[in-house]
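Asks: The following block contains the structure, expressed as C-alpha cells.
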Amino acid sequence: MCITTKLRVLRLKYKISLIELAKQGGLSNQQISHMELGDIPRTKHKEQLAAAALSRVIAARRASLDSLEREYQASKGQLLTPMEENDHEL
C-alpha cells in the first residue's frame, strides 16, 4: 500500500506542480515532496505551511483566471483575428 496525503492528491488532481506549490509556500520542492509522502513527521506548523501555500496557489490562479476572463470578454467575436506575435505578450 502506498501512503500519500490529501495535499498530494489535490496537487495532482488540479495539476499543481511541486515548484508552483513550493514557490507560493516559500519552501523547497523537496520539502513539499517529503511532506506529501509522509517522510517527515506531520506537525501543526507543517500543516499551516502547506495550507498557506495551497491558499496562495488558489489566489494566484483565481487572479490569472479573472484576467483571462476579462481579456476573453473583450475579445469576443475576434478570437481568430490574425495578429503579430509581438503585438501581444505570449
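Asks: How far apart, in nm, are two points set 7 Å out from the Cα along the Cα-to-Cβ line at Q73 and at Q48?
Replies: 3.8 nm
Asks: Residue separation times 0.36 nm, minus the C-alpha to C-alpha distance between S28 and M83: what's the value?
Replies: Here the answer is 15.9 nm.
Asks: Also, I was wondering about something else. Can you give the relative contact order of the chain as a percent, counting alpha carbon pairs under 8 Å and 6+ residues apart?
Replies: Taking the mean separation of contacting Cα pairs over the length of the chain, I get 26 percent.
Asks: Still on this structure, I have one more. Could you calculate the contour length gain from S64 to D39, that is, 0.36 nm times the residue separation minus the distance between their Cα atoms, to one decimal place in nm?
Replies: On the way: separation 25, 0.36 × 25 = 9.00 nm, distance 3.29 nm.
Working it through step by step, the gained length comes to 5.7 nm.
Asks: Same structure again: Computed from the coordinates I sent, percent of Cα pairs over 21 Å apart equals one of (i) 46; (ii) 42; (iii) 57. Tell me the label.
Replies: (i)
Asks: Excluding I3 itself, calculate the net charge of residues whose Cβ lies under 13 Å from the Cβ of I3, where each Lys or Arg counts +1 and each Asp or Glu counts -1.
Replies: Working: positive: K6, R8, R42; negative: E36, D39.
Net of charged neighbours comes to +1.
Values in this text are rule-based calculations from the coordinates and carry no lab data. Computed from a predicted structure; not experimentally measured. Neighbour counts are summed over all protein chains in view; Cβ atoms, including those assigned to glycine, are modelled from backbone coordinates with ideal geometry.
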